[in-house]
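Read through the structure below, which is laid out as structure tokens, and then see the notes.
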Amino acid sequence: MQSGQSTRGEKNRKPNRWVIVLCASLLVLAVFWSVEPLLVYLLLALAAFSLFKILQLQQTTESSQSRTNQSSLERSYESIKPSQTWLFWQDVKEIFRKDATGPKTPQQAKIFVALVAGFIGFIFMITILAA
């Protein structure tokens, strides 16, 4: 009984921890924005990562709550064919799962290569625009 309560308490504290990290990084960024450009980049990266973690933790808690609320009829209902956008994001999630070893299908390999090329191009464009 105690272990179940402690894990729920930890799950509630994790988003709060990332909210504090986000607020602190934005506060430090507001104070030291003109000191060093590297500091600005690092603090923006920290703020973006903490915002990502906040959204990720909220999504996992919402999905676990929605799974418990579904009836057996809703679980067995078969919906219409999914869209290409949905399939694309499912492939992306499958590639970057914690226990995944990498792309398993040729479609996932193409998506992975496109994402890596996009990230490299994005970083290249940021360095050009910042210079």
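A few points about this structure:
- Residue match in region 40-61 (condition: of a type in the set (Lys, Arg), at pLDDT 85 or above and within 24 Å of Ile126 (Cβ to Cβ)): yes
- Failed condition for Ile80, given (1) modelled with pLDDT under 80; (2) among the β-branched types (Val, Ile, Thr); (3) open to solvent by less than 100 Å² (accessible area, probe 1.4 Å); (4) more than 30 Å from Leu22 (Cβ to Cβ): (3)
- Those residues of region 91-109 which are at pLDDT 80 or above and touching a Pro at 6+ places or on another chain (Cβ under 8 Å), in sequence order: Ala109
- Positions within region 1-33 being at pLDDT 85 or above and open to solvent by less than 90 Å² (accessible area, probe 1.4 Å), in sequence order: Trp18, Val19, Val21, Leu22, Cys23, Ala24, Ser25, Leu26, Val28, Leu29, Ala30
- In region 96-121, the qualifying residues are those that are closer than 30 Å to Val40 by Cβ and within 18 Å of the chain's Cα centre (by Cα), and the one that is surrounded by the most Cβ atoms within 10 Å (Cβ to Cβ) is Leu115.
- Single unsatisfied condition, Pro37 versus (1) under 22 Å from Leu129 (Cβ atoms); (2) modelled with pLDDT under 60: (2)
The values are calculated or read from the model by the stated rules, or taken from the named source; none is laboratory data. In this text the structure is predicted, and so the values were computed from the model without any measurement. Cβ atoms come from the backbone with ideal geometry, glycine included; neighbour counts cover every protein chain shown. Just so you know, the surface numbers come from the protein's heavy atoms only, side chains and all, with ligands and any DNA or RNA stripped out. Shrake-Rupley method; radii C 1.70, N 1.55, O 1.52, S 1.80 Å.
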